[in-house]
Every structure is written in C-alpha cells, then in structure tokens.
Amino acid sequence: MLVRSNCSCVKFSVTTDASLDLETENVICNTCGDVVTGISAFAKNSMKISGDVIKKPKRAFSFKCVACNKNSEVSFINHKACGKNCQTPSECMFKITESMRTAIEICQKNDEKRDSRTEEVNSDMP
Ligand SMILES: [Zn+2]
Ligand SMILES: [Zn+2]
C-alpha cells in the first residue's frame with residue numbers, strides 16, 4: 001500500500017510502497033526495509049484487511065542438540081528426536097517442550113502425506 005514516508009529510499013516522491021509486519025505492528029518499506037513511522041491505525045488496519053502484510057517464510061524447527069552441541073533441524077524417528085544434520089542421530093538430545101514436540105510431529109506427518117501423494121502421482125506415469 002502506498003503511504004507517505006520519509007525513509008531513506010524516498011528521493012523523488014513522498015510516497016512509498018509499504019506493508020504491515022503483523023508480529024511487530026510496524027509498517028515496513030518494501031523498497032529499503034525501513035520502518036515507516038507515523039502510519040495511522042486506520043491505514044494499518046486497511047493493510048491487514050487487504051492482506052498487504054509481510055509474510056514470514058515457513059519456520060524450520062531448529063534446536064540445539066545437547067549431545068552434538070550444535071543447532072540442527074529436528075525430526076522424529078520412532079518418536080525419538082534426531083538432528084537432521086547430526087552425525088550420530090542415535091545419541092541426539094534436544095530440550096524441547098511437549099507442545100513443541102507435538103507441533104513438530106504434526107508438521108512432519110503433513111510433509112510425509114504430501115510426499116506420498118507425490119509418489120502416487122509419479123507412479124501413474126508411464
Ligand atoms: Zn524506504
Ligand atoms: Zn545431535
């Protein structure tokens with residue numbers, strides 16, 4: 001949405017294309033990434049309604065593996081947490097809350113479902 005702005009990228013006009021960051025409620029300039037100040041609550045709300053918001057990339061579930069002492073994406077194999085980048089998955093240890101663990105497992109199941117569906121489609125090919 002075009003808003004009046006005084007951020008660094010605005011040289012020849014006083015308006016810039018900006019979107020609402022839903023997490024911080026800040027309006028971010030789409031050109032330079034600056035926070036645009038002085039945006040009314042009304043303008044913010046119309047951004048929200050029209051879907052002119054900043055979409056965060058899908059978050060990967062990364063945690064610190066206590067056994068390997070490094071950050072790794074977590075996957076569950078037979079209900080045991082394993083680091084995808086760890087060399088010794090059988091020894092991996094993650095301090096994850098029970099609710100986070102459930103979220104990861106649900107996420108993983110959805111991915112598997114998507115994968116098997118793709119395989120089915122592919123196996124129909126000659
Ligand atoms: Zn800008
Ligand atoms: Zn590990």
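Derivation of every value follows stated rules applied to the coordinates shown; laboratory data play no part. Because the structure is a prediction, the values reported are computed rather than measured. In this analysis, Cβ positions are derived from the backbone assuming ideal geometry, glycine residues included, and neighbour counts consider all displayed protein chains.
Taking amide H atoms as placed 1.01 Å from N in the peptide plane, the amide H of Asp34 lies under 5 Å from those of Cys29, each 5 or more residues away in sequence or on another chain. Relative to the longest principal axis of the Cα atoms of the chain, the long axis of helix 98-123 makes an angle of roughly 80 degrees.
Ranking of Leu2, Leu22 by neighbouring Cβ atoms within 10 Å, starting from the fewest: Leu2, Leu22.
Amide hydrogen proximity for Ile54: with H placed 1.01 Å from N in the peptide plane, the residues at 5 or more positions away or on another chain lying under 5 Å are Leu20, Asp21, Leu22. Angle of helix 41-50 to the longest C-alpha principal axis of the chain, folded into 0 to 90 degrees and rounded to 10: 50°.
Phi angles of region 10-20 translate, via the Karplus equation with coefficients 6.51, -1.76, 1.60 and θ = phi - 60°, into HN-Hα couplings of 8, 10, 9, 10, 9, 10, 9, 7, 9, 10, 8 Hz per residue; Gly and Pro are given as x.
Direction-averaged projected area, Cα convex hull, region 2-50: 3.1 nm², rounded to one decimal. Pairwise Cα separations in the chain fall into 10 Å bins from 0 onward with the following percentages, short to long: 12, 25, 17, 22, 19, 5, 0. For region 65-71, putting each phi into the Karplus relation 6.51 cos²θ - 1.76 cosθ + 1.60 with θ = phi - 60° gives couplings of 7, 5, 6, 8, 6, 8, 6 Hz, in residue order, rounded to whole numbers and with x for Gly and Pro. Ellipticity at 222 nm from helices only: DSSP H runs of n ≥ 4 in the chain, each -39500 (n - 2.57), divided by the residue count, give -9500 deg cm²/dmol.
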